[in-house]
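Asks: Handing you a structure now.
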Amino acid sequence: MTSTIIDARRTPDTHWPVPQERRTVTVLFADIVGSTALVDRLDPEDVRELQRAYFDTVAAVLHRWHGVVEKYVGDAVMALFGARHSDGFDAYRAVRAGLEIQAALDGRPMVGDVRLRVRVGVATGEVVVDLGGAVSGGHGVASGAVITTAARLQEYAPPGSVALCAGTARATAGLIAQRQLAPVPVNGRVSPMPVWHAVGPVRPGTDRHDGPLIGRRRELAAITDRVTRAIREHQPQWVSLVGPTGSGRSRMLHELTRTLHTVDGRAVRWCVVSCPPYPDQVLAPVAELLRGLAGIRHGDGPALVRDRLVAALTPLLSPTGVAEAVPALRRLLATPDGSPEALAGAAVCRDVLLRLAAVRPLVVAVDDVDRAAPEVSRFLHALFTAATTRRLPLALLTVHQPQWADTRPGPARRMSIRPLATVQSGRLLRHLLARAGQPVALVDRLLPLVGGRPGHAAAYVAAVAAGADPVALPEPVRRAVGAEVDHLDGERRAALMAAATLGGMVSAATLDRVLGWTPGRSASALRGLAAAGLLLPHRTGGYVFAAPALRQLAAERLPRALRAVFARRAADTPRLDPVHKRSLPRDDRAGAVRATAAQVEDGDPLSLRQRIPAPTMLTRAATPTPGISRPPGARRLRAVPAAGAVPPTHSSGPPVNLPRPPLIRRPDGLAAA
């Protein structure tokens, strides 16, 4: 039973050609414990003041974590995370918001001596979202059972705690410390509902990279060459490893740190840091660089931190310089929050790195830099500029997604990590399945699904090992691919979802008809999708999806009614498959040429030459030549298509260019296949 419905009378936002989507969102429900008894003993004016303070505090926290307040119900607040845009960390942001709400309210005086206690429930699941209304205060934005689940979790949560459903617990595993509670009975459900208690955020652990590196030899050699040249020629190089989630960016960085130890006999020092999602402090990655440089662990006491800083700085600075630098660096480690004191500590850290590069070759690597604050980007640019001016043997490696735009574009050399070839994906899947104890025969089922992304292959194998259907979209893949789609504006997102309902190759003319757009409107959207790496231009002129998971998710986001409309329009669209010239009557051949020309004028990327039926070379029965016997085999000769022609097809898949069959020159001068 859903607790809210979409308001069909809401005027759709013109920026969302597809106004509703089926999306996986995270719902937060917060309510005051004992609010009825509290209101009974307070004056109405005090109640109003208390409510305002409570709602203002909760709304500020939700806004900071990019949540959308869907509605206020009495003393309860309901918020959505990922309603219109997702970054893959919607559940994490919702849990962090719940924990922060508890820290801001639980047991603290709000008005006079009144202290509040709050329960928070967080649930993740599928809803239908009204995209045009997904703003704070937009009542009836989402519909789905997950809303009721979040409300029920809040009711069963202990006061002062944040209760999680199973989906939220899985989505935040490794990011949020959790404790599983006893399942609770829920009205209308046969089995009790499992519940987890969120304890607090944890530092993400280091990913395991113990498997073989498959199919990345060329990229690895290119990056190694640039780093080696920077060190050998004292010309700093900045290399950005760019690829979507699951492409193996972090695996490449790990392999570089494992294999590149020396250059011309000189030992290379690596300083590597990974940026967590939504760090509490903007300069936290810089502080982590310093920890790695000095060998400082989280939890080390002040005396040990000071001793390790002194030991790391003594070979690089004078005693006076060490005495001045240590206090600034300690402040950076304690509170890397972007304050003037923290920024001063970051400047000292940058100077230490430059002095270290003057002594020995240095490589500074920042993984997932697209998650970092602009202050980190400014730190890296200043480091690289100073190293270039001093001609130091330093290389800078940054790893990020294609959508990230640096706040200060600089001299970084982008190296894109492309999908694995089919053979390489098969090798990787066989290795992962064998290590997981799963049948290697599953390679045939999984290979078409992974799209050449090592991360997707690992997610599918992990899901299979956990008992999931091999063809079901794993949750990590769904979150990552959904974030890629949500980087798009409304028009390109609509084009992508409509294209997902079409079989095989996508053309602009067909997409215009399916969406009901004016001819030529979808051509620019398709080009934008190709520029974003979501579609790939086909050699015949159309577009195909870059990853099977992308097509599956985009199609699943469409509501059933809209999916049916698109399917009906696609079925009514005439499909002009290439055919043999002799297979059409003369009038039909002329009509096909006219229809093809009209399609090209409408913006279809397929060229006229590729769409006009290809001519054929017809063989005839030859008169036997005296003295020459016919070779054994079939006596009936068939038509041979011209080179590059596409055979007729009745399927919805993309046309395939067949290679021209070898020609056998017969004694009578005619060509036969």
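The values are calculated or read from the model by the stated rules, or taken from the named source; none is laboratory data. Since we're looking at a predicted model, the values are computed, not measured. Here the Cβ is made from the backbone with ideal geometry for all residues, glycine too, and neighbour counts use every protein chain on show.
Asks: For residue 338, are the conditions met, namely being part of a helix (DSSP H, G or I), in the same structural domain as residue 373 (by TED's automatic domain parsing), within 34 Å of the chain's Cα centre (by Cα) and closer than 22 Å to residue 282 by Cβ?
Replies: no
Asks: Right, something else. If you go through region 449-462 one residue at a time, do you hit one that is in a helix (DSSP H, G or I) and either farther than 19 Å from residue 549 by Cβ or more than 22 Å from the chain's Cα centre (by Cα) (or both)?
Replies: No: zero hits.
Asks: Within region 155-202, restricting attention to residues that are part of a helix (DSSP H, G or I) and among the charged types (D, E, K, R), which residue is farthest from residue 278 (Cα to Cα)?
Replies: 155
Asks: If a residue must be closer than 20 Å to residue 568 by Cβ and buried (at least 20 other Cβ atoms within 10 Å of the Cβ), how many such residues does region 518-527 contain?
Replies: Total meeting the criteria: 1.
Asks: Select, from 367, 406, the only residue that is surrounded by 14 or more Cβ atoms within 10 Å (Cβ to Cβ) and at pLDDT 90 or above.
Replies: Criteria check complete, one pass: 367.
Asks: Can you list residue pairs whose Cβ atoms sit under 6 Å apart, with the first residue in region 370-382 being farther than 20 Å from residue 88 by Cβ and the second being in a helix (DSSP H, G or I) and among the small types (Gly, Ala, Ser)? Count only pairs 6 or more apart in sequence or on different chains.
Replies: From residues that are farther than 20 Å from residue 88 by Cβ, the pairs are 379/346.
Asks: Tell me the residue from 540, 501 that is buried (at least 19 other Cβ atoms within 10 Å of the Cβ), in contact with a helix residue (DSSP H, G or I) (Cβ under 7 Å, 6 or more places away or on another chain), within 20 Å of residue 16 (Cβ to Cβ) and not hydrophobic (A, V, I, L, M, F, W, C), please.
Replies: Going through 540, 501 in turn, just one is buried (at least 19 other Cβ atoms within 10 Å of the Cβ), in contact with a helix residue (DSSP H, G or I) (Cβ under 7 Å, 6 or more places away or on another chain), within 20 Å of residue 16 (Cβ to Cβ) and not hydrophobic (A, V, I, L, M, F, W, C): 501.
Asks: Next question, about the same structure. Among the residues of region 498-531, write down those that are in contact with a strand residue (DSSP E or B) (Cβ under 8 Å, 6 or more places away or on another chain) and assigned to a helix (DSSP H, G or I).
Replies: Result: 499, 500, 526, 529, 530.
Asks: If only one of 167, 160 is surrounded by 12 or more Cβ atoms within 10 Å (Cβ to Cβ) and over 14 Å from residue 122 (Cβ atoms), which one is it?
Replies: Every option except 160 fails the conditions.
Asks: Show the residue pairs that are 6+ apart or on different chains and have beta-carbon atoms under 7 Å apart, the first residue being within region 173-187 and under 19 Å from residue 95 (Cβ atoms), the second being surrounded by fewer than 12 Cβ atoms within 10 Å (Cβ to Cβ).
Replies: What qualifies is 174/205; 184/192.
Asks: I need the full set of residues from region 476-497 which are in a helix (DSSP H, G or I) and under 13 Å from the mean Cα position of the chain (by Cα), in order please.
Replies: Across region 476-497, the qualifying residues are 476, 477, 478, 479, 480, 481, 482, 483, 484, 485, 486.
Asks: Among the residues of region 52-79, which ones are touching a residue at least 24 places away in the same chain (Cβ under 8 Å) and more than 28 Å from the chain's Cα centre (by Cα)?
Replies: Hits for region 52-79 are 53, 54, 57, 58, 71, 74, 75, 76, 77.
Asks: Still on this model: Go through region 287-307 and give me each residue that's in contact (Cβ under 8 Å) with a residue 60 or more places away in the chain and loosely packed, with under 13 Cβ neighbours inside 10 Å.
Replies: Of everything in region 287-307, just one residue is in contact (Cβ under 8 Å) with a residue 60 or more places away in the chain and loosely packed, with under 13 Cβ neighbours inside 10 Å, namely 298.
Asks: Can you give me the number of residues within region 534-568 that are in contact (Cβ under 8 Å) with a residue 12 or more places away in the chain and of a type in the set (Lys, Arg)?
Replies: Residues flagged as in contact (Cβ under 8 Å) with a residue 12 or more places away in the chain and of a type in the set (Lys, Arg) within region 534-568 amount to 4.
Asks: Going through 436, 441, 405 one at a time, which residue ends up being within 30 Å of residue 379 (Cβ to Cβ) and not assigned by TED's automatic domain parsing to the domain that holds residue 530?
Replies: 405 is the lone residue from the list that is within 30 Å of residue 379 (Cβ to Cβ) and not assigned by TED's automatic domain parsing to the domain that holds residue 530.
Asks: Is one or more of the residues making up region 146-157 modelled with pLDDT of 90 or more and aromatic (Phe, Trp, Tyr)?
Replies: Scanning region 146-157, I find no residue that is modelled with pLDDT of 90 or more and aromatic (Phe, Trp, Tyr), so the answer is no.
Asks: Report, by residue number, each residue of region 241-279 that is out of contact with any helix residue (DSSP H, G or I) (no Cβ under 8 Å at 6 or more places or on another chain), in contact (Cβ under 8 Å) with a residue 60 or more places away in the chain and not β-branched (Val, Ile, Thr).
Replies: Result: 249, 250, 253, 267.
Asks: Any idea which of (1) out of contact with any Leu (no Cβ under 7 Å at 6 or more places or on another chain); (2) not in a helix (DSSP H, G or I) is the one residue 473 doesn't satisfy?
Replies: With respect to (1) out of contact with any Leu (no Cβ under 7 Å at 6 or more places or on another chain); (2) not in a helix (DSSP H, G or I), residue 473 is out only on (1).
Asks: Determine, yes or no, whether residue 428 is buried (at least 19 other Cβ atoms within 10 Å of the Cβ), in contact (Cβ under 8 Å) with a residue 12 or more places away in the chain and in a helix (DSSP H, G or I).
Replies: For residue 428, the condition - buried (at least 19 other Cβ atoms within 10 Å of the Cβ), in contact (Cβ under 8 Å) with a residue 12 or more places away in the chain and in a helix (DSSP H, G or I) - is met.
Asks: Would you mind listing the helices (runs of 4 or more DSSP H) fully within region 203-313 where at least 3 residues are under 23 Å from the mean Cα position of the chain (by Cα) and not assigned by TED's automatic domain parsing to the domain that holds residue 89?
Replies: In region 203-313, the matching helices (runs of 4 or more DSSP H) lie at 249-259.
Asks: Read through the list (1) within 24 Å of residue 537 (Cβ to Cβ); (2) touching a residue at least 60 places away in the same chain (Cβ under 8 Å); (3) buried (at least 20 other Cβ atoms within 10 Å of the Cβ), then give the number of the only condition that residue 459 fails.
Replies: The single condition residue 459 does not satisfy is (1).
To keep it simple, each residue is scored yes or no on (1) surrounded by fewer than 22 Cβ atoms within 10 Å (Cβ to Cβ); (2) under 24 Å from residue 274 (Cα atoms).
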| site | (1), (2) |
| --- | --- |
| 387 | no, yes |
| 391 | yes, no |
| 394 | no, yes |
| 411 | yes, yes |
| 415 | yes, yes |
| 436 | yes, no |
| 455 | yes, yes |
| 469 | yes, no |
| 482 | no, yes |
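Asks: Considering only residues that are closer than 18 Å to residue 100 by Cα and either in contact with a helix residue (DSSP H, G or I) (Cβ under 9 Å, 6 or more places away or on another chain) or at pLDDT 90 or above (or both), which ones fall in region 12-50?
Replies: 26, 27, 28, 29, 30, 31, 32
Asks: From the list 106, 75, which residue is closer than 30 Å to residue 167 by Cβ, among the acidic types (Asp, Glu) and crowded, with 18+ Cβ neighbours inside 10 Å?
Replies: 75 is the lone residue from the list that is closer than 30 Å to residue 167 by Cβ, among the acidic types (Asp, Glu) and crowded, with 18+ Cβ neighbours inside 10 Å.
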